[in-house]
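The values are calculated or read from the model by the stated rules, or taken from the named source; none is laboratory data. Everything quoted here is computed from the prediction, not taken from an experiment. Ideal geometry is used to build each Cβ from the backbone, glycine not excepted, and the neighbour counts take in all protein chains shown. Surface areas here come from the heavy atoms of the whole protein model, side chains and all, with no ligands, DNA or RNA. Shrake-Rupley method; radii C 1.70, N 1.55, O 1.52, S 1.80 Å.
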Amino acid sequence: MRTHLLIIDPQNDFCDIDGAALPVAGAHADLQHLARFIEARQDRLDGITVTLDSHASVAVERTTFWRDAAGQPVAPFTFITADDVVAGRYRPRDEGLTPRVVAMLEQLAGAGKPGMVVWPVHCVTGTWGHNIHSDVARSLAAWELAHQRAVTKVLKGEYPLSEHFGVFEADAPVPSVPGTQFNTALASSLVQAADVIAIAGEASSHCVAASYDQFMRYLASAAAPAPRVVLLQDAMSPVTGFEPLADALFERARAAGTQVMTVDAFASSLQ
(Lines give C-alpha, C1' and ligand atoms only; values in the text may rest on other atoms or scores of the structure.)
Protein backbone atom coordinates (compact mmCIF):
# COMPACT_ATOMS: atom_id res chain seq x y z
CA MET A 1 0.00 0.00 0.00
CA ARG A 2 1.54 3.29 -1.14
CA THR A 3 0.81 6.14 1.27
CA HIS A 4 1.20 9.82 0.44
CA LEU A 5 0.94 12.73 2.87
CA LEU A 6 -0.46 16.03 1.57
CA ILE A 7 0.32 18.85 4.01
CA ILE A 8 -1.52 22.11 3.38
CA ASP A 9 0.28 25.35 4.32
CA PRO A 10 2.21 24.30 7.46
CA GLN A 11 3.69 27.80 7.70
CA ASN A 12 4.77 30.02 10.56
CA ASP A 13 2.25 32.76 9.81
CA PHE A 14 -0.63 30.33 10.39
CA CYS A 15 0.69 29.04 13.72
CA ASP A 16 -0.34 30.35 17.12
CA ILE A 17 3.23 31.36 17.95
CA ASP A 18 4.95 34.70 18.53
CA GLY A 19 5.30 36.75 15.36
CA ALA A 20 2.62 35.00 13.32
CA ALA A 21 0.54 37.28 11.10
CA LEU A 22 -2.59 35.13 10.88
CA PRO A 23 -2.44 32.67 13.80
CA VAL A 24 -4.82 29.74 13.81
CA ALA A 25 -5.62 28.59 17.35
CA GLY A 26 -4.25 25.07 17.76
CA ALA A 27 -2.04 25.09 14.68
CA HIS A 28 1.26 24.92 16.57
CA ALA A 29 0.14 21.78 18.42
CA ASP A 30 -1.34 20.34 15.20
CA LEU A 31 1.98 20.63 13.40
CA GLN A 32 4.04 19.35 16.31
CA HIS A 33 1.78 16.28 16.37
CA LEU A 34 2.14 15.89 12.62
CA ALA A 35 5.93 16.19 12.80
CA ARG A 36 6.12 13.42 15.40
CA PHE A 37 3.98 11.23 13.15
CA ILE A 38 6.25 11.82 10.14
CA GLU A 39 9.33 10.93 12.16
CA ALA A 40 7.75 7.83 13.68
CA ARG A 41 6.27 6.48 10.43
CA GLN A 42 8.70 7.82 7.84
CA ASP A 43 9.30 4.32 6.51
CA ARG A 44 5.57 3.95 5.78
CA LEU A 45 5.24 7.29 3.95
CA ASP A 46 6.10 6.79 0.29
CA GLY A 47 5.75 10.45 -0.63
CA ILE A 48 5.04 13.86 0.85
CA THR A 49 3.69 16.97 -0.83
CA VAL A 50 3.68 20.32 0.98
CA THR A 51 1.74 23.34 -0.23
CA LEU A 52 2.94 26.85 0.58
CA ASP A 53 0.71 29.92 0.62
CA SER A 54 2.90 32.37 -1.31
CA HIS A 55 2.03 36.02 -1.79
CA ALA A 56 3.38 39.48 -2.46
CA SER A 57 2.82 41.99 0.32
CA VAL A 58 0.12 43.66 -1.79
CA ALA A 59 -2.62 41.49 -3.29
CA VAL A 60 -6.39 41.58 -3.58
CA GLU A 61 -7.07 39.43 -0.52
CA ARG A 62 -5.05 41.57 1.90
CA THR A 63 -5.46 44.85 3.72
CA THR A 64 -2.67 46.61 1.80
CA PHE A 65 -4.73 46.50 -1.39
CA TRP A 66 -7.82 48.33 -0.11
CA ARG A 67 -9.10 51.60 1.32
CA ASP A 68 -12.58 52.65 2.38
CA ALA A 69 -14.77 55.47 1.03
CA ALA A 70 -12.94 57.97 3.23
CA GLY A 71 -9.56 56.82 1.97
CA GLN A 72 -8.73 55.02 5.21
CA PRO A 73 -7.20 51.55 5.59
CA VAL A 74 -9.58 48.60 5.62
CA ALA A 75 -9.57 46.43 8.75
CA PRO A 76 -8.59 42.78 8.59
CA PHE A 77 -11.51 40.35 8.16
CA THR A 78 -13.61 42.91 6.30
CA PHE A 79 -15.95 41.21 3.83
CA ILE A 80 -16.09 42.84 0.38
CA THR A 81 -18.55 42.21 -2.45
CA ALA A 82 -18.71 43.46 -6.03
CA ASP A 83 -21.57 45.79 -5.00
CA ASP A 84 -19.34 47.29 -2.28
CA VAL A 85 -16.71 48.19 -4.86
CA VAL A 86 -19.19 49.51 -7.42
CA ALA A 87 -20.79 51.68 -4.71
CA GLY A 88 -17.39 52.97 -3.59
CA ARG A 89 -17.65 51.61 -0.05
CA TYR A 90 -14.30 49.94 -0.62
CA ARG A 91 -11.84 50.70 -3.39
CA PRO A 92 -8.51 49.34 -4.58
CA ARG A 93 -5.69 51.73 -3.69
CA ASP A 94 -4.76 51.44 -7.37
CA GLU A 95 -8.10 52.57 -8.76
CA GLY A 96 -7.08 51.50 -12.25
CA LEU A 97 -7.60 47.92 -11.10
CA THR A 98 -11.23 48.52 -10.17
CA PRO A 99 -12.83 46.99 -13.30
CA ARG A 100 -10.72 43.83 -12.97
CA VAL A 101 -11.47 43.52 -9.27
CA VAL A 102 -15.22 43.96 -9.84
CA ALA A 103 -15.08 41.30 -12.57
CA MET A 104 -13.25 38.94 -10.20
CA LEU A 105 -15.79 39.48 -7.43
CA GLU A 106 -18.64 38.92 -9.87
CA GLN A 107 -16.92 35.71 -10.97
CA LEU A 108 -16.85 34.60 -7.34
CA ALA A 109 -20.54 35.44 -6.95
CA GLY A 110 -21.33 33.37 -10.02
CA ALA A 111 -19.55 30.45 -8.35
CA GLY A 112 -21.69 30.81 -5.23
CA LYS A 113 -19.26 32.93 -3.20
CA PRO A 114 -20.84 36.34 -2.57
CA GLY A 115 -17.57 38.09 -1.79
CA MET A 116 -14.17 37.77 -0.19
CA VAL A 117 -12.54 38.29 3.18
CA VAL A 118 -9.67 40.76 3.48
CA TRP A 119 -6.89 39.12 5.50
CA PRO A 120 -3.91 40.52 7.37
CA VAL A 121 -0.74 40.48 5.29
CA HIS A 122 0.66 36.97 5.68
CA CYS A 123 2.92 34.39 4.03
CA VAL A 124 4.87 36.94 1.99
CA THR A 125 7.26 34.86 -0.07
CA GLY A 126 10.75 34.78 1.41
CA THR A 127 9.81 35.96 4.89
CA TRP A 128 9.88 34.08 8.21
CA GLY A 129 6.10 33.81 8.06
CA HIS A 130 6.32 31.99 4.74
CA ASN A 131 8.67 29.36 6.17
CA ILE A 132 7.53 25.89 7.17
CA HIS A 133 6.95 25.35 10.91
CA SER A 134 10.32 24.35 12.35
CA ASP A 135 9.28 20.93 13.73
CA VAL A 136 7.63 19.98 10.46
CA ALA A 137 10.68 21.21 8.53
CA ARG A 138 12.96 18.98 10.60
CA SER A 139 10.71 15.97 10.10
CA LEU A 140 10.63 16.58 6.35
CA ALA A 141 14.42 16.80 6.23
CA ALA A 142 14.65 13.50 8.12
CA TRP A 143 12.22 11.90 5.64
CA GLU A 144 14.30 13.17 2.71
CA LEU A 145 17.48 11.76 4.26
CA ALA A 146 15.87 8.39 4.85
CA HIS A 147 14.32 8.16 1.38
CA GLN A 148 17.04 10.02 -0.55
CA ARG A 149 14.57 12.09 -2.49
CA ALA A 150 12.87 15.43 -2.09
CA VAL A 151 9.57 16.34 -0.56
CA THR A 152 7.46 18.01 -3.27
CA LYS A 153 6.72 21.66 -2.48
CA VAL A 154 3.98 23.51 -4.35
CA LEU A 155 3.52 27.29 -4.19
CA LYS A 156 0.05 28.79 -4.49
CA GLY A 157 -1.35 32.31 -4.39
CA GLU A 158 1.25 34.15 -6.44
CA TYR A 159 -1.27 35.78 -8.78
CA PRO A 160 -2.28 39.02 -7.00
CA LEU A 161 -5.85 39.45 -8.29
CA SER A 162 -7.48 36.27 -7.01
CA GLU A 163 -7.73 34.49 -3.68
CA HIS A 164 -6.14 31.04 -3.89
CA PHE A 165 -7.26 28.87 -0.96
CA GLY A 166 -7.09 25.46 -2.63
CA VAL A 167 -3.77 24.21 -3.95
CA PHE A 168 -5.23 22.96 -7.21
CA GLU A 169 -6.99 26.09 -8.48
CA ALA A 170 -7.49 29.78 -7.67
CA ASP A 171 -10.91 30.87 -6.44
CA ALA A 172 -11.34 32.98 -9.58
CA PRO A 173 -9.29 31.32 -12.34
CA VAL A 174 -8.06 33.54 -15.16
CA PRO A 175 -7.73 31.89 -18.59
CA SER A 176 -4.56 33.83 -19.43
CA VAL A 177 -2.82 33.01 -16.13
CA PRO A 178 -1.81 29.34 -16.00
CA GLY A 179 -1.02 29.47 -12.28
CA THR A 180 -4.69 30.13 -11.51
CA GLN A 181 -5.98 27.22 -13.61
CA PHE A 182 -6.62 23.73 -12.28
CA ASN A 183 -3.30 21.99 -11.65
CA THR A 184 -4.08 18.74 -13.40
CA ALA A 185 -0.44 17.65 -13.33
CA LEU A 186 -0.37 17.83 -9.52
CA ALA A 187 -3.70 16.04 -9.07
CA SER A 188 -2.74 13.34 -11.56
CA SER A 189 0.64 12.79 -9.92
CA LEU A 190 -1.01 12.27 -6.53
CA VAL A 191 -3.44 9.73 -7.96
CA GLN A 192 -0.67 7.83 -9.71
CA ALA A 193 1.68 7.90 -6.71
CA ALA A 194 -0.57 6.61 -3.96
CA ASP A 195 -3.20 4.17 -2.83
CA VAL A 196 -3.89 6.30 0.26
CA ILE A 197 -3.63 10.08 0.52
CA ALA A 198 -3.73 11.58 4.01
CA ILE A 199 -4.40 15.31 4.25
CA ALA A 200 -3.31 17.58 7.11
CA GLY A 201 -2.42 21.25 7.61
CA GLU A 202 -3.94 24.68 8.03
CA ALA A 203 -6.55 25.85 8.11
CA SER A 204 -9.34 23.28 8.07
CA SER A 205 -11.89 26.03 7.47
CA HIS A 206 -10.20 27.43 4.37
CA CYS A 207 -7.17 26.08 2.54
CA VAL A 208 -7.55 22.47 3.65
CA ALA A 209 -11.27 22.52 2.84
CA ALA A 210 -10.76 24.10 -0.58
CA SER A 211 -7.91 21.73 -1.46
CA TYR A 212 -9.95 18.70 -0.40
CA ASP A 213 -13.01 19.82 -2.39
CA GLN A 214 -10.94 20.51 -5.50
CA PHE A 215 -9.19 17.15 -5.29
CA MET A 216 -12.42 15.25 -4.76
CA ARG A 217 -13.94 16.99 -7.77
CA TYR A 218 -10.95 15.82 -9.81
CA LEU A 219 -11.28 12.25 -8.53
CA ALA A 220 -14.94 12.19 -9.51
CA SER A 221 -14.00 12.96 -13.11
CA ALA A 222 -10.76 10.97 -13.38
CA ALA A 223 -10.60 7.74 -15.32
CA ALA A 224 -7.97 6.17 -13.05
CA PRO A 225 -8.93 4.28 -9.87
CA ALA A 226 -9.22 6.75 -6.99
CA PRO A 227 -6.96 6.47 -3.96
CA ARG A 228 -8.45 6.29 -0.49
CA VAL A 229 -8.52 9.79 1.03
CA VAL A 230 -8.09 10.43 4.76
CA LEU A 231 -8.45 13.69 6.68
CA LEU A 232 -6.25 13.84 9.78
CA GLN A 233 -8.68 15.77 11.95
CA ASP A 234 -6.32 16.53 14.84
CA ALA A 235 -3.60 17.79 12.51
CA MET A 236 -5.65 20.77 11.33
CA SER A 237 -7.62 23.61 12.96
CA PRO A 238 -10.04 26.29 11.74
CA VAL A 239 -9.53 30.04 11.66
CA THR A 240 -11.21 31.50 14.74
CA GLY A 241 -14.76 32.54 13.91
CA PHE A 242 -14.95 30.16 10.95
CA GLU A 243 -15.40 26.92 12.88
CA PRO A 244 -18.68 26.04 11.07
CA LEU A 245 -16.73 25.82 7.80
CA ALA A 246 -14.49 23.14 9.32
CA ASP A 247 -17.49 21.28 10.70
CA ALA A 248 -19.04 21.36 7.24
CA LEU A 249 -15.82 19.98 5.73
CA PHE A 250 -15.87 16.92 7.98
CA GLU A 251 -19.57 16.40 7.38
CA ARG A 252 -19.32 16.37 3.61
CA ALA A 253 -16.09 14.35 3.75
CA ARG A 254 -17.79 11.56 5.69
CA ALA A 255 -20.76 11.71 3.34
CA ALA A 256 -18.36 11.25 0.42
CA GLY A 257 -16.76 8.20 2.01
CA THR A 258 -13.60 9.97 3.13
CA GLN A 259 -12.18 8.68 6.40
CA VAL A 260 -11.81 11.31 9.13
CA MET A 261 -9.22 9.98 11.55
CA THR A 262 -6.87 11.05 14.32
CA VAL A 263 -3.17 11.02 13.56
CA ASP A 264 -2.60 8.20 16.05
CA ALA A 265 -5.35 6.06 14.56
CA PHE A 266 -3.96 6.59 11.08
CA ALA A 267 -0.44 5.80 12.29
CA SER A 268 -1.71 2.53 13.79
CA SER A 269 -3.33 1.63 10.49
CA LEU A 270 0.07 1.83 8.79
CA GLN A 271 1.70 -0.77 11.05
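Relative to the present Cα-Cα distance, how much length would full extension add between Thr184 and Thr262 at 0.36 nm per residue of separation?
25.2 nm
Where is the GNM fluctuation largest for the chain (alpha-carbon springs, 10 angstrom cutoff): Arg228, Arg252, Arg67?
Of Arg228, Arg252, Arg67, the most mobile in the Gaussian network model is Arg252.
For the range 3-142, what D do you get in µm² per second when you plug the Kirkwood radius from alpha-carbon pairs into Stokes-Einstein at 20 °C and 1.002 mPa s?
Translational D for this selection: 127 µm²/s.
Considering only C-alpha atoms, what is the centroid distance from the range 203-251 to the range 22-66, in Å?
Between the Cα centre of the range 203-251 and that of the range 22-66, the gap is 14 Å.
State, to one decimal in nm², a quarter of the convex hull surface area for the C-alpha atoms of the range 59-205, i.e. the direction-averaged projected area.
Hull-based average projected area comes out at 10.8 nm².
Heavy-atom accessible area of Ser188 with all protein chains present, probe 1.4 Å, nearest 10 Å²?
30 Å²
FRET efficiency for Arg89 and Glu243, Cβ-Cβ distance as r, R0 = 22 Å, nearest 0.05?
Approximately 0.20, to the nearest 0.05.
If you roll a 1.4 Å probe over the range 1-79 with all protein chains in place, what percent of the accessible area is carbon or sulfur?
Carbon plus sulfur share of accessible area: 52 percent.
Which value, in debye to the nearest 20, describes the size of the charge dipole of the range 201-271 about its Cα centre when Lys and Arg Cβ atoms bear +1, Asp and Glu Cβ atoms bear -1, and nothing else is charged?
340 debye
Hey, for a label at Gln72 modelled as a point 7 Å past Cα toward Cβ, could you say which residues of the range 112-135 have their backbone N under 20 Å away?
Label zone hits: 118-121.
In whole Å, what is the distance between the alpha-carbon centres of the range 85-141 and the range 162-181?
Rounded to whole Å, the Cα centres lie 11 Å apart.
Hey, for a label at Arg100 modelled as a point 7 Å past Cα toward Cβ, could you say which residues of the range 118-161 have their backbone N under 13 Å away?
159-161
How much accessible area per residue does the chain have, in Å², with a 1.4 Å probe?
About 42 Å² of surface per residue is accessible.
Suppose we keep just the DSSP beta bridges with both residues in the range 34-126; what percent of those would be antiparallel, to 5?
75 percent
How large, in percent, is the carbon and sulfur part of the accessible surface of the range 83-123 at a probe radius of 1.4 Å?
52 percent
Counting DSSP beta bridges with both partners in the chain, what percentage is antiparallel, nearest 5?
Close to 20 percent.
Dividing the Cα radius of gyration by the Kirkwood radius, what Rg/Rh value follows for the chain?
Computed over Cα atoms, the ratio is 0.98.
With unit charges on the beta carbon (Lys/Arg positive, Asp/Glu negative), name the residue among Ala59, Ala226, Met261 whose Cα is farthest towards the positive pole of the charge dipole of the chain.
Ala226
Say R0 is 45 Å: what FRET efficiency, to the nearest 0.05, do Gln107 and Met1 get from their beta-carbon distance?
Approximately 0.65, to the nearest 0.05.
Pulled fully out, how much extra length does the chain show between Asp43 and Thr64, if you take 0.36 nm times their separation in residues and subtract their Cα-Cα distance?
3.1 nm
Using a 1.4 angstrom probe on heavy atoms only, work out the carbon and sulfur share of the accessible area of the range 226-271 in %.
In the range 226-271, the share of accessible area belonging to carbon and sulfur is 53 percent.
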